[in-house]
Amino acid sequence: MRAKRNLFGGAAWQQHAGLALCVCLGLLLSSGPAFVASEPSIPGGAGYALLFSDSIATLAPFHDMPTKELTFEAWVRTSDTCHTGAVVSYAEKTYSSDSKERVTAANSFVIWDIKDLIACRGYELLDRIPDPKGESCRSAYKKSKETGAKINIADGKWHHLAATWKASENGKTTIYIDGMKRAEAETGITREIKPGGALVLGAEQDCYNGCFEKEQAFYGMMDEVRIWSKAKTQAEILEHFRFSGSEISNSHLVAWWKFDDLVGDRGIMTTHYQAHDSSGRSNHLNILSLPKKSDDNVIYKGKDLGFPALDFQNNYAMQPYFQGMPDKDITVEFWARTPQVSDAEEDRNLYQELVSFASIKKGNGDVSDDGGYADAVFMDDAILIEKYNNEYVGSGWLRGMGDFKSTVGTISVHFNANRQGNGFQHDNWIDFAVDWKDDEWHHVAVSWKHSTGETKCYFDGKEYKPFWKSDKHDVSHKNPKSGGVTPYIAKGTERTSAGSLVLGQNQECFAGCFSPTNGFHGSIAELRVWDHVRSSSDIRNNMQSKVKHEDSLVLHYDFRPYNDQIENQVDTRFNGQKIPKYVNNLKLGGSGPTWHLSYCPLEREDGQPVEFPRPGTAGYALELDDQQVLMLENFKDFPSRQLTLEFWMWSADKCRKGSPFSYATGGYEKADNSFLLFDYNDWGVAVMEDEGTYKDHHSGIGVTDGQWHHIALSWDSSTGQTILYDNGRRVWTAKRAKGKEIPSGGTLVIGREQDCLGGCFDSDPGAKGDTQAKEVNEYGSEDFFGMIEEMRLWRVVRTEEEI
């Protein structure tokens, strides 16, 4: 088991602030507020570590990057099996127009692929299959004398990783795991590394300080990261690799991040924007940054429009509890500026996420009249406006487009959409080829009409025809010069007016689940939202003018940061109600790795292991993986006709369909799924073998973002109504097992999915317990990797307010 901290969000993992939990219990158990004195958990001798979950920590420019030889070392822990996982990436800054030179500069130094680890210095190609000419970095290891088994560190255990490179020894690169040499290659790459580049932990750069890919992200823990200006010997690595002290006197140590910045916080998770450098060289690592006020106003065709702007770089402005967004007709308009799109595909971020509003598709509460679909659905893209920097022409997705040349610079618009789950019924998006490739200011306006689904896009006041769309997963495309596709999507659908509004990131869950792959790099100004479809003349004639605050203007942000906030300038009127403007102020924030109590196996000066963290009032949480089975046989009095399941959980596992709760009363396809909550990457529910159909099998929402989530699930036999909640918000309502009863006396398993009583688990190779043969494993691993805390089962349907 692991101690835990701060169950209620922020930078947290295993040990939470006891006060937060006690306040929660007081509200549940008492008639009035009850505040109980509590003690936070205390970090152990290893202090804290960072959890990376498609997130990054950066130092740019890094002027102390060693040039002729180096050692990189870190403690890492990961169970990730489906991403290559870049531990560190250093990219040199270049202005070359040669594609090969740019890629080689981006790969100046990379440690990459946690399941077959290699360290690469200055290769254009990290890997190539096949590679008959031996041009890739991996081929250098295959040709070397050290040709042992693959270096796979994705086993869920802490490992010390060290990689050295030395120009004077023909570019020799050596990899050590837990102090033992595991691989070596003479690369022949002897040119010096250029200092002043970008160092990134947790991702692989395809351009300077950017162009990340989710598939190459590192998902796991990292601690005690050091960089030396010397290629250390094995003996020198062993000297300090378990060292837990606070000082190393060595002139070759150029950076040392212990990640112990939270020590002394006493359970209060204050924001730490940097990880302190303990080498004494002040190479502090940026963990997250806030958007900043631009130096200049919006300049359009040489004219200063007087609109202040906000600069974004993989951060956000957010209102997680926005009130009063129009649920029918709407117009969204703003000014934006993005970096010039490179002519090299490898230098581009795939998307630029501008405006994201997440809410719920309105249901009527009757799960019997939806034609098999879910009654209420989480819409991560209730409103999404993004810019493509990637090319789809020639990809096979777009055929027969004639002289249509490129999708780069396209504006993509989503309304009332969720592209995952729910039979793709809410796969609603439409694309406009506006050719936005420069670094100038542009005005963007988008409107949508509820009664027809008509969607329009204006770029600098000019209306564009769409060329590609999906309307409830009915996909079509047509060259806009030939009239384009019809501009109608999501006709008659409605979203709730309450939700979460985020600028600069794409939400995959309410107010979170961001990715640096799609983080916005650029500036936004003068965001206005109206509760009607504005005419082309209104948009064109007023886009350069200051706005008049009239009733139909729902919100107005003019981006003058104050106290890390952006103030909304207008009161919102919705359904006759006045919502004060301050309710919808935006909070500035950043998306980065999170701080966790560390269980890294360091040692004291006397050679003994450091002490573990000590729990506070809140006690322990349970860490689960596929190496154990947590089981209760003969569960008497299991709720039969009504129930609510609730628990806190944390996971960064993007690879598996983890199942936190499995209750079985019989064999496969008979009663193994008597009550099952499965797949934390795209939640699904089964009750008495009723898993729904293609139309509602999955919910379209997951929670594996490395943050704590409170999950609740209720079921009522009389109606079949099944409701899923995430952090107290209803996100999905479907129909399951109407009129049926769940038998008592079955077997409950926490963290694994039963296909027979107490076993037949769908697991990865190497898992413990009664696992199924690979040949009959239909769905891949369904084991839970992460933490579970405060699990409760009620024999009543609890309301949203009670939850």
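What to note about this one:
- Taking the Cα centre of the chain as reference, the dipole from Cβ charges on Lys and Arg (+1) and Asp and Glu (-1) amounts to some 1060 debye.
- Backbone N under 18 Å from the Val547 label point (7 Å along Cα→Cβ), restricted to the stretch 434-461: 442-449, 456-461
- The stretch 485-571: C-alpha pair distances exceeding 18 Å, %: 62
- The stretch 33-187 - Kirkwood radius from inverse mean 1/r over Cα pairs (Å): 17.5
- Summing Lys and Arg as +1 and Asp and Glu as -1 over all other residues whose Cβ lies under 13 Å from the Cβ of Gln627 gives a net charge of -3.
- Sequentially through the stretch 561-570, phi angles give Karplus couplings (6.51, -1.76, 1.60; θ = phi - 60°) of x, 9, 6, 6, 9, 10, 7, 6, 9, 9 Hz, Gly and Pro residues having no value and appearing as x.
- Using a cutoff of 8 angstrom between alpha carbon atoms and counting only pairs six or more residues apart, the relative contact order for the stretch 547-635 works out to 15 percent.
- Tail fraction, Cα-Cα pairs, the stretch 701-803, threshold 19 Å, whole percent: 58
- Per-pair calculated FRET efficiency, R0 = 56 Å: Ser395 and Ser251 via Cβ, rounded to 0.05: 0.60
- Label separation (Thr719 vs Arg191): 6.8 nm, computed from points 7 Å beyond Cα along the C-beta direction.
- With contacts taken as Cα pairs under 8 Å and at least 6 residues apart, the stretch 270-426 reaches a relative contact order of 14 percent.
- Between the C-alpha center of the stretch 678-746 and that of the stretch 531-565 there is a gap of 40 Å.
- Matching label, Kirkwood radius over Cα pairs in Å computed from the structure shown, candidates (i) 29.0; (ii) 28.1; (iii) 30.7: (ii)
- Peptides 277-289, 502-514 ranked from most to least packed by the mean count of surrounding Cβ atoms within 10 Å: 502-514, 277-289.
- Summed side-chain charge close to Thr173 - residues other than Thr173 whose Cβ falls under 10 Å, Lys, Arg +1, Asp, Glu -1: 0
- Taken one residue at a time, the phi angles of the stretch 605-612 give Karplus couplings (6.51, -1.76, 1.60, θ = phi - 60°) of 5, 7, x, 8, x, 5, 6, 7 Hz. Gly and Pro are set to x.
- In terms of packing, defined here as the mean over residues of other Cβ atoms within 10 angstrom, the peptides 694-704, 360-370 line up highest first as 694-704, 360-370.
- Cα-derived Rg over Rh, computed across the stretch 46-92 with Rh taken as Kirkwood radius: 0.98
- Efficiency of FRET between Val583 and Ser537 - r from beta-carbon atoms, R0 30 angstrom, step 0.05: 0.40
- Within the accessible area of the chain, the carbon and sulfur atoms contribute 47%, probe 1.4 Å, all protein chains present.
- Between the listed residues Gly519, Asn575, Thr271, the Cα displaced farthest toward the positive end of the dipole of the chain, a dipole computed from Cβ unit charges relative to the Cα centre, is found at Asn575.
- Segment His284-Asp369, extension gain: residue separation times 0.36 nm, minus the distance between their alpha carbons: 24.8 nm
- Added length on full extension, which subtracts the Cα-Cα distance from 0.36 nm per residue, Leu793 to Glu215: 204.4 nm
- For Leu285, the shell of other residues with beta-carbons less than 14 Å away shows a net charge of -3, using +1 for Lys and Arg and -1 for Asp and Glu.
- Å² of accessible area per residue within the chain, as computed with a 1.4 Å probe and no ligands counted: 39
- For the stretch 48-63, the Karplus equation 6.51 cos²θ - 1.76 cosθ + 1.60, evaluated at θ = phi - 60°, returns couplings of 10, 10, 9, 9, 9, 9, 6, 9, 9, 10, 9, 9, 8, x, 9, 6 Hz by residue, with Gly and Pro reported as x.
- Length gained on full extension, Asp131 to Gln234: 34.0 nm, using 0.36 nm per residue less the C-alpha separation.
- The stretch 317-403: relative contact order in percent, alpha carbon pairs under 8 Å with at least 6 residues between: 28
The values are calculated or read from the model by the stated rules, or taken from the named source; none is laboratory data. What you see is a predicted model; the values in this text were computed from it and never measured. Please note: Cβ atoms are built from the backbone with ideal geometry, for glycine as well, and neighbour counts cover all protein chains shown. Keep in mind that these areas ignore ligands, DNA and RNA; they rest on the heavy atoms of the full protein, side chains included. Shrake-Rupley method; radii C 1.70, N 1.55, O 1.52, S 1.80 Å.
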